[in-house]
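Below is one structure, written out as structure tokens; the observations come after it.
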Amino acid sequence: MASEVFNKKLFKKWWFWVGVVLILGLIGLATPDSSTDTTNSSDNPSQVVGTLPVLDSNDYANKEGLVVFKELETIGYEITAEYVNEAVPATNQEFTEQFTNADATSCSDRLGFDAYLVSGLEQSGDSVSIILTNEATDSQTCPVGTTNDL
């Protein structure tokens with residue numbers, strides 16, 4: 001009796017193929033899509049996803065603003081830099097243009113901006129806003145790797 005069922009060639013029946021398609025469709029719906037973009041930060045679910053990686057602000061805290069600006073610009077982020085002093089709002093200043101025109105390998109540029117350190121970093125997709133603080137330095141020595149153009 002079992003051999004009769006196999007002799008009828010079950011796979012030639014239309015209802016058999018409809019069942020196979022339905023089962024495969026259900027399996028496809030139940031399987032998570034592995035191509036989903038996972039660059040969204042779990043720390044900040046409202047983070048806008050971009051083509052570049054989500055940055056960790058702790059990696060840039062207290063580093064020279066000019067150096068961080070140039071590093072992120074080289075990677076391809078759209079950068080803005082702003083000095084923020086809550087105690088003296090009149091001193092708040094946009095540094096994007098100055099940093100864009102400065103050279104991180106120039107001794108005079110680095111010494112001119114070395115007091116502006118990164119205190120915060122805000123990212124929205126591929127746009128990054130660097131928040132700067134001012135910490136006075138008495139350094140008159142060219143940083144390693146810069147050209148002595150004083």
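The values are calculated or read from the model by the stated rules, or taken from the named source; none is laboratory data. This structure is a prediction, so every number in the text was calculated from the model and none was measured.
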Please enumerate the residues belonging to region 115-150 that are assigned to a loop (DSSP other than H, G, I, E, B) and of a type in the set (D, E, K, R).
-> Asp126, Glu135, Asp138, Asp149
Of the listed residues (Val49, Val118, Val68, Val54), the one being more than 22 Å from Thr133 (Cα to Cα) and at pLDDT 90 or above is Val54
Thr80 passes all but one of (1) at pLDDT below 90; (2) within 19 Å of Glu94 (Cα to Cα); which number fails?
-> (1)
